[in-house]
Each structure stands twice: as structure tokens, then as C-alpha cells.
Amino acid sequence: MATDKTNLQLVVNGILNENPIFRLVLSMCPAVGISTTVMNGFMLGIAVLFVQVFSSCTIAIFKDKIHPRIRIPTYTLTIATWVTVIDMVLAAYLPEAYAKMGIFIKLIVAFAIITMRLEMFACKESVTASFWDGIGMGLGFMFGMMALGFVRELLGLGTVLGYDVLGFKPLLFFILPFAGFFCVGLMMGFFNYIEARYRRAKRA
Amino acid sequence: MKDIATIIFRLTISCLLAGLVMGTAFVLTNKAKLHNAEEREHKVMLGLLGYSAATSAPESLALHAVHRYIVTSGENSTIGYLVPLKGEGFSFVEIGLDGAFVGQQPVKLAAEQAGEAGTRDAAITAAVGAGKSLRYADQTIIVTENGRRSAYLLPGVFPGFKTFVKVILALDPTFSILGLEIMEHEEDPGLGGEIVQGYFKNQFKGKTFEALKKLGVVKTPLPEEYRRVLTLGKNNEAIGPEEVAKVQAQYQDKDIYALTGATISSRAVTNGVKGIANKFAYRLAILDKVLAAQHIAVAF
């Protein structure tokens, strides 16, 4: 079974139609835990992007060799390998970012979105398609995290990317973990509303 | 049955491949990582001495590393110190467990090679001769300013609540604490992990050697005025230097205020710091006595 989408459609699919955070509602723990600022969201997004692309490609290359009964352990092993590699590379070349992100990077092993993409897509499709799907999913996750981070940072701390834009802190509880759920819910509703308006306008 | 064999075979191959990828990444990145750690350590050490990017260290400041080894030959153990000599070169001074001088050998080592563990160990092994085995113990950095000792920097490790806590402790020549910096730890975030925060680690600052000997941990809340002084510079609060001095003097002989929900971590750090300072003071007294008696001209 091969996908009938073009590479561009695969990327756009990951960002819009199947956005990991707002559409698939996967990997909610990191989404609500870490998306307190735009920068945090961006850095975790980059790490997830790399892990997703590398893992998708690896599984797509070896898909015929993986025994169907042990595919989940194999996926976990693949993800863990790439997470470890990225962890070591970051620790060596970006020590300052690593000091902040180190603990979250190891968590990527347990991210639902990556395993799910390997199971649903990479183990059935070609390497090229898996590569672009990985890029799309990673970017979708990154943009989702950054959007969440933007709203939470602005409402919670009154800043954007660390720069003070409001001059006061409107709702401090928005940077606490539980407020992440409010934020995801409200933003999901907002995006669904926009989509419904867009479809109605198209139909009319 | 055939399935099991295939599964075992393929999983083994996957694991081997994964190991190969991770091993390659480790080999490629380890050097840069070590370099980063070294650089960070140096920065932290200068920070503990009160120098930062804004106020750079003066030219007269020099850091002399003294490496301690445990030397065993057969049944006998001695402690060996690699000390930098005045001018150039190194000497390996062996001291018996009873504090008596055993012997000293010149070590052929360039100044910049002393930091590399492999080269250093090889050079010392060559100097002490065959038949003796060396085990690296720790290093101490003796800071001199214009040739006079101004501080000691002691990298140390002790057990925390979960795993080991790596710290650097700075002492002044009378063994009063100049500062404490936590380098690595794996305590729980939000509980024991708070040991890295200024309001905990800065409590050690200014404790004298006498006070340190009977330093304990109390489970009462940290007074607000003390907290404000301990976290000075973080919240941009304006506190006059007189008030800082007054509050610091008031709490100087007090015990360490434990972290909320992390009494064990707090106790572990306190006991660890006490241990490092006590052992160092004991060892330095013996080393100084031997160096003076043997007229060994060291750089510090």
C-alpha cells in the first residue's frame, strides 16, 4: 500500500489535517508540561523533529526485516537509539540548551506521536514518503508547541520569547502545568471554529 | 519454534545495530563533551572565587592542581601527591599512611599535559617504577595570588538521596567556606533538586571551619529576610551592603535550613560538605608538614 499524496501534501498533512497536538491529541504530557514559553516549545519541537525523521526513515528502510510480532519493541529500540544519539550530540555541541532541555529529551522515548507514526505510516510506506511524513509531523508538533507556548507565555508571563511586551502578568496560572489543558482545549476549539467557517464559506 | 528463532535472531541484530549507532555517536561526541565540562568547571571555579565575565581574574591569580593517588605495592599502601614545583616541572611525593615521608620522584610532564588523565598516569607510573600500582583518588586546586595562598577549590563527590552529587567547594586559607556549587545531581526536580538554588547552597557561604564541624540541619522555615539576602542578584531586589552584612552575621553560626520535602537531600549535602572540608584540612596539614620538612619548593 503506497500513499497517493505528494511530498508537499504529506508535510502539510502533518502540520494541518493531522496536527499531532490539536488533531491527533497525542503526546499531551510534554505538550502541557513544557510549552510554557515559545523557546521551550521550539527546542523540544526541533528534537522531536529529528527523532521522528530518523526513526521513520530507519523503520521504512528495514520494514521488511521486522518481524510483525516484535514490531513495537523494535520501534521503541529505534526511537531510544536516536534519542540517545541526539542527547549526546546536544550535550556535546549545545551545552547551554542541553542544561535546560536535557531532562525532556530523554522523555521523547515515550512520546506517543513517534511510535504512532511508525506504526501507522513508516512501516507501510517508502523511505521518501516516510521522510516527508516525519518532517510534517515534526513540524506540526513544533508549530503546535510554539503556538501553545506563545499563548501561555503571553498570558502567563506577559512576554514573548523572553521580551516583555505587556509589561504586566495577566494570568500567572497559565504557566502552570494544568493550565496547559485549558490552553489546548481552547485553542483546539478555536482552530475547529475557523475550519468550520472556512468550509461553510467554501460550500456557499 | 521457527518463529522464536527468527525473533531472537532479528532482535539480536537490531540491538547490535542500535549499539553500534550509539557507540559511534558516543565516540564522536565524547571529546567535545569533556571539553565543555572542563570549560564549565573552570568558569564555576572562577565564579566561586568572585570573578565573572564582568570582573575578570587578575594576572597574579594562579590555579595549581594537586592530584592525589593511592599507591600500592604488595601489601603496603602509600598516598602519592603530584605537586607542581616552583618554576617548572612536577614532583610525585609519597607519604605513608602514618604521615611519614616515603620518597619523592621527579615526574616528566609538561604543564598542559597534567590535566589529561591518561598522559599524567603514564608519566607517574614511569617515575615511580614498576611493581607499584596507582589508583587515582581526587584533585585539589590551590589558588595563589602573587604567590600567596588565597583559596582552595575542592571538587568532590558524595551520595545524595538518589545517586551521587558532584560539587565544587571553595575554602579560604582558614578553611572557612567561600562558596559551594553543585555540578551534577539527579535529585528529584522540585524537591531535592532545589539544592542547586541560591537559597539553599548559599547558606554554606561564610561558615567557619569551627562552625562547620558541628553544623546540623534544622527543619524550620527559612526566614524571609535571610532568603532575600541568599537570593540576592536574582530578583533585582535592592538591599544595601550593610543590611546584607548584618543578616549574614546574624545567621552565620546557625544550622542549615532544610529544603521543604527534601530533608534527606539537605542532610546529605551538609554532611558531604563537612566531609570534604574535614578530610581536606587533615590531608593538607600532613602534606604541608612533609613539604616543609623535606624542603620541597612547590609552586603554591
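Read the figures in this text as sums done on the coordinates, not as results from a lab. Nothing here was measured: the structure is a model prediction, and the numbers come from that model. Counting neighbours? That spans all protein chains shown, and the Cβs are built from the backbone with ideal geometry, glycine included.
Less than 17 Å apart at the alpha-carbon level, and either on another chain or at least 8 residues along: which aspartates and glutamates does that give for residue B:43?
A:96, B:59, B:181, B:184
If you take all C-alpha pairs in chain B, what percent of them are over 26 Å apart? Numbers along the way, then the final one.
On the way: 25065 of 44850 pairs.
It works out to 56 percent of all Cα pairs.
State the extension gain, in nm to one decimal, for the chain segment bounded by residue B:60 and residue B:3, taking 0.36 nm per residue of separation less the distance between their alpha-carbons.
Between residue B:60 and residue B:3, full extension yields 13.3 nm more.
Given the options A:59, A:70, A:103, which has the most mean-square fluctuation in a GNM of chain A, springs set between C-alpha atoms less than 10 angstrom apart?
The residue that fluctuates most here is A:70.
Please list, in order along region A:186-196, the HN-Hα scalar couplings obtained from phi with the Karplus expression 6.51 cos²θ - 1.76 cosθ + 1.60 (θ = phi - 60°), rounded to whole Hz, x for Gly and Pro.
5, 5, 4, x, 4, 5, 5, 4, 4, 5, 4
Diagonalise the Cα gyration tensor of region A:7-203 and give the resulting equivalent ellipsoid semi-axes, square root of 5 times each eigenvalue, largest first, whole Å.
Values: eigenvalues 178, 100, 33 Å².
Its equivalent ellipsoid spans semi-axes of 30, 22, 13 Å.
Which residue fluctuates most in the GNM of chain B (Cα springs below 10 Å): B:286, B:256, B:168?
The residue that fluctuates most here is B:286.
Taking the alpha-carbon distance from residue A:169 and a cut-off under 19 Å, which aspartates and glutamates remain once sequence neighbours fewer than 8 residues away in the same chain are dropped?
Candidates past the 8-residue exclusion: A:153, B:237.
Restricting to DSSP loop positions (anything but H, G, I, E, B) with no more than 11 other Cβ atoms inside 10 Å of their own Cβ, which GluC sites (Glu not before Pro) remain in region B:4-76? Spell out each step's value before the answer.
Numbers: sites: B:38, B:39, B:41, B:59, B:75; in loops: B:59, B:75.
Within region B:4-76, the qualifying GluC sites (Glu not before Pro) (loop, at most 11 other Cβ atoms within 10 Å) are B:59, B:75.
Can you tell which of A:32, A:89, A:109 shows the greatest fluctuation in a Gaussian network model of chain A with Cα springs below 10 Å?
Taking springs between Cα atoms under 10 Å, the residue moving most is A:89.
Would you work out the Kirkwood radius for region B:150-282? I mean one over the mean of 1/r across all pairs of different Cα atoms, in Å. Let's see the in-between values first.
On the way: mean 1/r = 0.0667 Å⁻¹.
Answer for region B:150-282: a Kirkwood hydrodynamic radius of 15.0 Å.
Using the Karplus curve 6.51 cos²θ - 1.76 cosθ + 1.60 with θ = phi - 60°, what ³J(HN,Hα) values do you get for each residue of region A:88-104, in whole Hz, with x for Gly and Pro?
Each residue's phi maps through the Karplus curve to give 5, 5, 5, 4, 7, 10, 10, x, 5, 5, 5, 4, 7, 9, x, 5, 7 Hz.
Near residue B:254, which aspartates and glutamates are there with a Cα under 18 Å away, not counting those fewer than 8 places off in the same chain?
B:210, B:224, B:225, B:243
Work from the charge dipole of the protein assembly as shown (Cβ charges, +1 for Lys and Arg, -1 for Asp and Glu, about the Cα centre) and give the residue of A:49, B:287, B:217 farthest towards its positive end.
A:49
As I understand it, the value is the acute angle between the Cα axis of helix A:38-62 and the longest principal axis of the Cα atoms of chain A; what does it come to in degrees, rounded to 10?
Taking Cα atoms only, the helix is inclined about 10 degrees.
Average projected area of the Cα convex hull of the protein assembly as shown, in nm²? Kindly include the intermediate steps, with their values, before the conclusion.
Values: hull surface 132.0 nm².
It is 33.0 nm².
To one decimal place, what orientation-averaged projected area in nm² is obtained for the convex hull of the Cα set of region A:1-112?
Values: hull surface 32.7 nm².
Orientation-averaged projected area of the Cα hull: 8.2 nm².
Starting from region B:138-185, pick out the trypsin sites (Lys or Arg not before Pro) whose DSSP state is loop and whose Cβ has at most 16 other Cβ atoms within 10 Å. Present the calculation step by step, with values, prior to reporting the outcome.
On the way: sites: B:148, B:149, B:162, B:166; in loops: B:162.
Filter output for region B:138-185: B:162.
So which DSSP H runs in chain B come out at 18 Å plus along the axis (Cα) with average Kyte-Doolittle of at least -1.0? Could the numbers behind the result be given before it?
Values: long enough: B:2-48 (64 Å, 0.53); B:263-293 (45 Å, 0.48).
Result, helices passing both filters: B:2-48, B:263-293.
Hey, got a sec? Which GluC sites (Glu not before Pro) in region B:178-277 land in a DSSP loop and have at most 10 other Cβ atoms within 10 Å? List each step's numbers first, then the result.
Values: sites: B:181, B:184, B:186, B:187, B:194, B:210, B:224, B:225, B:237, B:242, B:243; in loops: B:186, B:187, B:237.
Of the GluC sites (Glu not before Pro), the ones in loops of region B:178-277 whose Cβ has at most 10 other Cβ atoms within 10 Å are B:237.
Can you give me the Cα centroid spacing of region A:164-193 and region B:42-61 in angstrom?
Region A:164-193 and region B:42-61 have Cα centres separated by 42 Å.
Mind pulling up the Rg/Rh value for region B:61-146? Radius of gyration and Kirkwood radius, both on Cα.
Values: Rg = 12.7 Å, Rh = 13.2 Å.
For region B:61-146, the value is 0.96.
If amide H atoms are built 1.01 Å from N in the plane of the peptide, which residues on other chains or at least 5 residues away come under 5 Å of the amide H of residue B:176?
Long-range HN contacts for residue B:176: B:209.
5 Å is the cut-off here: which amide hydrogens, built 1.01 Å from N in the peptide plane, fall below it relative to residue A:126, excluding neighbours closer than 5 in sequence?
It is A:3, by chain and number.
Using modelled amide H (1.01 Å from N, peptide plane; none on Pro or chain starts), what sits under 5 Å from the amide H of residue B:259, excluding residues fewer than 5 places away?
Residues meeting the criterion, in which the H sits 1.01 Å from N, are B:266.
Label 7 Å along Cα→Cβ of residue B:183; region B:31-54 residues with amide nitrogen under 18 Å?
B:31-51
Using only the Cα atoms of region B:1-40, what do you get for the radius of gyration and for Dmax, in Å?
17.1, 56
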